Amino acid sequence: MSYPTGQGPAQPPAAGAPLTPEQDRQWASLAHLGGILFFPPALIIWLVFKDRGPFTDTEGKEALNFQITLLIGYVTINLAATVLGLVTFGLLSVLSSLGWVLWLLGSIFSVVAFFSAREGRGYRYPFSLRLIS
């Protein structure tokens, strides 16, 4: 295949420039704060910025692991509430409201982690499965 003079094959776009320390802290903290909206913000931030900033990589993984842990909790609560609701003819289906408690706890921990990461300090959630390392 021939290319116009002085041009080779199209090059893939270069990865983004490394983040400045301020940007690294900003994106790391936003990965935690995004947990209020569930796991997509943490996943997107981690995938986009993991190779551009070491702090964002570490904190993005931490936030994503915590959100996956919460997802497992939501699924478990809803399955248990459904099964127990069927067995007790609906009496124990109110257990599904525990999902709100889980969301509230997740939101509180996400805000605490946001403030910690914004100051440049790493944050470890008190309960989280370390699935992404």
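The values are calculated or read from the model by the stated rules, or taken from the named source; none is laboratory data. Please read these numbers as outputs of a predicted model, since none were measured by experiment. Don't worry about glycine lacking a Cβ; one is built from the backbone with ideal geometry, like all the others, and counts go over all protein chains shown. Heads up: the accessible areas ignore ligands, DNA and RNA and are worked out on the full protein's heavy atoms, side chains in. Shrake-Rupley method; radii C 1.70, N 1.55, O 1.52, S 1.80 Å.
Okay, here's what the table says:
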item	result
Relative contact order (%) - the chain, alpha-carbon pairs under 8 angstrom, separation at least six	29 percent
Ranked by how many other beta carbons lie within 10 Å on average, peptides 67-80, 31-44 from highest	31-44, 67-80
Max mean-square fluctuation residue, GNM over the chain, Cα-Cα springs under 10 Å, options GLY99, GLY16, GLY120	GLY16
Residue among SER110, SER97, SER29 with the largest mean-square fluctuation in a Gaussian network model of the chain, springs linking Cα atoms under 10 Å	SER97
Cα shape, the chain, gyration tensor, a/c 1.5 rule	oblate
Cα-based shape type of segment 65-112, given that a ≥ b ≥ c are square roots of the gyration tensor eigenvalues and the cut on a/c is 1.5	oblate
Accessible surface of the chain, 1.4 Å probe, proportion on carbon and sulfur as whole %	70 percent
